[in-house]
Amino acid sequence: MNKFPLVRASWLGSAPYREVWDLQADLVGEVREGRAPDTLLLLEHPHVFTLGKGAIADHLLWDEDERAQRDVDVIWSDRGGEATYHGPGQLVGYPILDLAHFELTIPQYLEKLEESLIDYLAELGIASEPGGPGLTGVWTRGEKVAAIGIKLNRSVVSHGFALNLTTDLEYFDGIIPCGHAEKRPTSVEELTGHRISTEDAALDYARHFERIFDAEMIWVPSDAPDSIAGADRVPAI
């Protein structure tokens, strides 16, 4: 294994969930076939409830009228996990990585993903930790600050994490988050009183991802999500 696997990173800004889901599917195929390097997509989504493979319809608490009033889409996703919310003020990270390049198992990958988030939060003055048995994501003071849900296609992972920065936590009232009605979400703003933009957080978080995964990161500017998909558009590196 190359000591420092190359990871191409892009900040996509605000991008619809379905559009980025399709982009991930394209990238998974390209990474698996060796036509694209491992990739880290960083972005935020407009309001959306996503339901993973472990979700059931009862995890949606707001009816269709309430969701329409609040402009929240609902998408059944192919990731693992149950129901979660994405929206403005939340940093979403989708690593599309061939774990063989990093010599990682799935449990090791999840541990590193959690560690990268924990390290970034420590930089912000927030002590956090992985969830206990049956609890995914990253937690602080018994409250969930980052959700994690992934998909494995052969040795290539996709989907990833959602870190609450300045997220409007009221939207979590519309679902049973990750199947735990008794567990409450929190955010960086709620914990520290500081507002951090998702773009600033993306740039700062990426340094921790690069270090924890022993990777060499190259930033690829992207005006639109599909500008980094497709073999003919893979940058020369």
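The values are calculated or read from the model by the stated rules, or taken from the named source; none is laboratory data. Computed from a predicted structure; not experimentally measured. All Cβ positions, even for glycine, are placed from backbone atoms using ideal geometry, and neighbour counts span all protein chains on display. Heavy atoms of the whole protein, side chains included, go into the accessibility calculation; ligands, DNA and RNA do not. Shrake-Rupley method; radii C 1.70, N 1.55, O 1.52, S 1.80 Å.
Elements of the type strands (runs of 3 or more DSSP E) sitting completely within region 1-100 and holding at least 3 residues that are over 14 Å from the mean Cα position of the chain (by Cα): these cover 6-14, 73-76. Among the residues of region 1-46, those identified as touching a Pro at 6+ places or on another chain (Cβ under 6 Å), open to solvent by less than 10 Å² (accessible area, probe 1.4 Å) and either among the aliphatic types (A, V, I, L, M) or at pLDDT below 95 (or both) are A15, V20, L23, L40.
A single member of F161, F172 is more than 30 Å from D38 (Cα to Cα) and of a type outside the set (K, R), and it is F172.
If you filter region 70-91 down to residues that are hydrophobic (A, V, I, L, M, F, W, C) and farther than 23 Å from L27 by Cα, you find that the one that is surrounded by the most Cβ atoms within 10 Å (Cβ to Cβ) is A83. Of the residues making up region 154-178, those that are over 17 Å from the mean Cα position of the chain (by Cα) and open to solvent by less than 10 Å² (accessible area, probe 1.4 Å) are G174, I175. Would region 92-110 turn up any residue that is aliphatic (A, V, I, L, M), surrounded by 23 or more Cβ atoms within 10 Å (Cβ to Cβ), more than 22 Å from G34 (Cα to Cα) and at pLDDT 95 or above? Scanning region 92-110, I find at least one residue that is aliphatic (A, V, I, L, M), surrounded by 23 or more Cβ atoms within 10 Å (Cβ to Cβ), more than 22 Å from G34 (Cα to Cα) and at pLDDT 95 or above, so the answer is yes. Among residues belonging to region 117-134 that are open to solvent by 40 Å² or more (accessible area, probe 1.4 Å) and aliphatic (A, V, I, L, M), point out the one that is farthest from G80 (Cα to Cα). Of everything passing the filter in region 117-134, L124 is farthest from G80 (Cα to Cα). Answer yes or no as to whether G87 is out of contact with any Asp or Glu (no Cβ under 7 Å at 6 or more places or on another chain) and within 24 Å of V188 (Cα to Cα). It is false that G87 is out of contact with any Asp or Glu (no Cβ under 7 Å at 6 or more places or on another chain) and within 24 Å of V188 (Cα to Cα).
Can you tell me which residue within region 197-220, out of those that are open to solvent by 40 Å² or more (accessible area, probe 1.4 Å) and among the hydrophobic types (A, V, I, L, M, F, W, C), is nearest to L42 (Cα to Cα)? Within region 197-220, the match that is nearest to L42 (Cα to Cα) is L203.
Out of region 61-76, which residues are touching a strand residue (DSSP E or B) at 6+ places or on another chain (Cβ under 9 Å) and either among the basic types (K, R) or modelled with pLDDT under 90 (or both)? R67, the sole residue that qualifies.
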